[in-house]
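*Asks:* Quick one: the structure is below, questions incoming.
The values are calculated or read from the model by the stated rules, or taken from the named source; none is laboratory data. All figures in this text were calculated on a predicted structure; none of them were measured in a lab. Cβ placement follows ideal geometry from the backbone for every residue including glycine, while neighbour counts extend to all protein chains displayed.
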Amino acid sequence: MKKRMFVFALVLLVAGRLRAGGSVDFADVRKILHQKPAIESLLLDDLIVDPAGWGVRLGNHFKHLGGARIGPYVFSAKSRAVKSGGKLEVTICTQVTFLDARGNPAKDLLEASAFREKLSQVVVREGSAEGFTSCPE
C-alpha cells in the first residue's frame, strides 16, 4: 500500500512540475465524466471543450501499462455564453486504482495489468492563469 501511494504521488509530482504527459482525446475522458452526470451536463452545456488535451502518461517502467494515460486530464475550453471570452482551462481530477490480472488492487504497481479511474472533481479556471492546476488528494 505504501509503495502504491509513493508511486502515485511521484506520478502526480512529475506531472505537476514538468507538465509532462501525452495527448488524450476528450471523447475518451468523457467516459469518466459519465460517472457524475450533473457535472458532465454542466460542463457540456456551458463550455465548448477542445477535442484534444493532455493527461499523465505512464512510462515504460509500467510493464503492461506503459504509454497509457491517467488523470489529471487538462483541456482548453471556452464559454458558450460569452462569445468574446478568453480561454478556460478544465482539469478533470481522478482517483486511480491500479489492478492486477485478476482485477484486484495491484500490490506491485509496475506489474499492474489495468487501472480504474473514479472522477473526484473538475476544476475550471482562466486559461491565462500561470502554473498548473493541481488536484487535491
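*Asks:* Would you point out which residue out of 118, 83 is at pLDDT 90 or above and not acidic (Asp, Glu)? Walk me through it before giving the result.
*Replies:* Details: 83 fails: at pLDDT 90 or above.
Step by step, each of 118, 83 is checked, and only 118 is at pLDDT 90 or above and not acidic (Asp, Glu).
*Asks:* On the given criteria, is residue 74 within 23 Å of residue 130 (Cα to Cα), crowded, with 17+ Cβ neighbours inside 10 Å and touching a Gly at 6+ places or on another chain (Cβ under 9 Å)?
*Replies:* Values: within 23 Å of residue 130 (Cα to Cα): yes; crowded, with 17+ Cβ neighbours inside 10 Å: yes; touching a Gly at 6+ places or on another chain (Cβ under 9 Å): yes.
Yes; evaluated as a whole, the condition is true for this residue.
*Asks:* Is one or more of the residues making up segment 52-69 farther than 28 Å from residue 104 by Cα and modelled with pLDDT of 65 or more?
*Replies:* From segment 52-69, those farther than 28 Å from residue 104 by Cα are 52-53; that's our starting set.
When the remaining residues are screened for being modelled with pLDDT of 65 or more, the result is 52-53.
Yes, the conditions are met somewhere in segment 52-69.
*Asks:* Which count do you get for residues in segment 24-68 that are closer than 17 Å to residue 113 by Cα and not in a strand (DSSP E or B)?
*Replies:* Selection size over segment 24-68: 11.
*Asks:* Further question: Can you pull out the residues in segment 17-72 that are in contact with a Leu (Cβ under 7 Å, 6 or more places away or on another chain) and among the basic types (Lys, Arg)?
*Replies:* Selection gives 36, 63.
*Asks:* Among the residues of segment 76-114, which ones are within 13 Å of residue 46 (Cβ to Cβ) and of a type in the set (Ser, Thr, Tyr)?
*Replies:* Of everything in segment 76-114, just one residue is within 13 Å of residue 46 (Cβ to Cβ) and of a type in the set (Ser, Thr, Tyr), namely 79.
*Asks:* Scan segment 100-110 and give yes if some residue there is in contact (Cβ under 8 Å) with a residue 24 or more places away in the chain, assigned to a helix (DSSP H, G or I) and surrounded by 14 or more Cβ atoms within 10 Å (Cβ to Cβ), otherwise no.
*Replies:* Yes, some residue in segment 100-110 is in contact (Cβ under 8 Å) with a residue 24 or more places away in the chain, assigned to a helix (DSSP H, G or I) and surrounded by 14 or more Cβ atoms within 10 Å (Cβ to Cβ).
*Asks:* Name, by its number, the condition in (1) assigned to a loop (DSSP other than H, G, I, E, B); (2) within 18 Å of residue 42 (Cα to Cα); (3) among the acidic types (Asp, Glu) that does not hold for residue 130.
*Replies:* Condition (2) is where residue 130 drops out.
*Asks:* Do we have any residue at all in segment 80-87 that's part of a helix (DSSP H, G or I) and either in contact with a Ser or Thr (Cβ under 6 Å, 6 or more places away or on another chain) or touching a residue at least 60 places away in the same chain (Cβ under 8 Å) (or both)? Steps first, answer last, please.
*Replies:* Restricting attention to segment 80-87, the residues satisfying the condition of being part of a helix (DSSP H, G or I) are none.
There is no residue in segment 80-87 that is part of a helix (DSSP H, G or I) and either in contact with a Ser or Thr (Cβ under 6 Å, 6 or more places away or on another chain) or touching a residue at least 60 places away in the same chain (Cβ under 8 Å) (or both).
*Asks:* Looking at segment 39-64 only, could you name the residues that are among the hydrophobic types (A, V, I, L, M, F, W, C), in contact (Cβ under 8 Å) with a residue 40 or more places away in the chain and in contact with a helix residue (DSSP H, G or I) (Cβ under 8 Å, 6 or more places away or on another chain)? Please lay out each step first, then the result.
*Replies:* Of the residues in segment 39-64, the ones among the hydrophobic types (A, V, I, L, M, F, W, C) are 39, 42-44, 47-49, 52, 54, 56, 58, 62.
Applying the additional criterion that residues be in contact (Cβ under 8 Å) with a residue 40 or more places away in the chain yields 39, 43, 47, 49, 56, 58, 62.
Once the filter is applied, which keeps residues that are among the hydrophobic types (A, V, I, L, M, F, W, C), in contact (Cβ under 8 Å) with a residue 40 or more places away in the chain and in contact with a helix residue (DSSP H, G or I) (Cβ under 8 Å, 6 or more places away or on another chain), segment 39-64 yields 39, 43, 49, 56, 58, 62.
*Asks:* Another question, if that's okay. If the requirement is being part of a helix (DSSP H, G or I), touching a strand residue (DSSP E or B) at 6+ places or on another chain (Cβ under 8 Å) and at pLDDT below 95, which of these qualifies: 15, 20, 9?
*Replies:* On the way: 20 fails: part of a helix (DSSP H, G or I); 9 fails: touching a strand residue (DSSP E or B) at 6+ places or on another chain (Cβ under 8 Å).
Answer to the check: 15.
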